[in-house]
Amino acid sequence: MTLARDDLDIEWMRSLAGGEELALNRLMDVWSKPLIAYLTRLTSNAATAADLAQETFVRVYQHRYRFSRSHKFSTWLFAIATNLARNHARWRGRHPETLMEHENLSNMPLAAAHASPDEQAIANERLIAVQTAVAKLAQELREVLILATWHGMSHREIARVQDTSEKAVELRLYRARKILRELLADHLSS
């Protein structure tokens with residue numbers, strides 16, 4: 001009999017709280033990639049995302065006794081990561097750094113290999129435009145968009161991550177998509 005993902009996560013948290021520290025390794029094996037992907041999209045920096053993901057798991061360990069089994073582990077995990085990313089963004093606001101371009105633009109996948117050079121150039125230009133536009137969104141709008149679009153979270157789960165109402169999530173997602181349409185109008189029409 002296999003346990004559902006949520007049940008397995010809860011069981012591992014129960015084990016971790018009971019002193020079995022290897023349970024944290026299991027959670028990290030399952031959740032590191034999605035967490036780093038989320039944080040990379042949120043911060044536009046792969047190194048920062050990796051650092052924040054590591055700090056997120058430190059917090060999971062530190063607060064292992066506070067985890068409520070009535071909630072999904074993924075929602076709790078992403079809420080911790082979101083709060084750490086917000087703190088980092090505030091810190092970056094007080095300690096600005098000049099960047100020539102977003103670090104992970106060069107790591108983005110290129111157009112299909114069978115595409116013509118013109119098609120590849122257009123696809124790559126659109127990809128860069130989308131990432132740049134997403135990075136321009138306000139933090140709370142970017143969080144909602146990334147959690148809904150790339151991580152498939154429901155409005156209820158996102159509301160828990162952001163500590164807000166489902167209606168606020170719905171509104172933020174609407175606003176994020178509207179702003180993106182405006183920012184990407186040139187790319188959408190071609």
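When each of 4, 50, 46, 89 is tested for being within 15 Å of the chain's Cα centre (by Cα), within 23 Å of residue 159 (Cα to Cα) and either at pLDDT 90 or above or not assigned by TED's automatic domain parsing to the domain that holds residue 138 (or both), the lone residue that passes is 89. Restricting attention to region 52-76, the residues that are in contact with a Lys or Arg (Cβ under 9 Å, 6 or more places away or on another chain) and closer than 19 Å to residue 164 by Cβ total 5. Residues that are crowded, with 19+ Cβ neighbours inside 10 Å, over 15 Å from residue 58 (Cα atoms) and not charged (D, E, K, R) do not occur anywhere in region 15-24.
For the residues 130, 144, the requirement of being in contact with a helix residue (DSSP H, G or I) (Cβ under 9 Å, 6 or more places away or on another chain), modelled with pLDDT of 85 or more and part of a helix (DSSP H, G or I) singles out 144. Mind listing just one residue for me: the one in region 57-86 that is more than 12 Å from the chain's Cα centre (by Cα) and β-branched (Val, Ile, Thr) and, of those, surrounded by the most Cβ atoms within 10 Å (Cβ to Cβ)? Here the residue is 60.
The values are calculated or read from the model by the stated rules, or taken from the named source; none is laboratory data. As the structure is a prediction and not an experimental result, all values here were calculated from the model. Note that each Cβ is placed from the backbone with ideal geometry, even for glycine, and that neighbours are counted across all protein chains shown.
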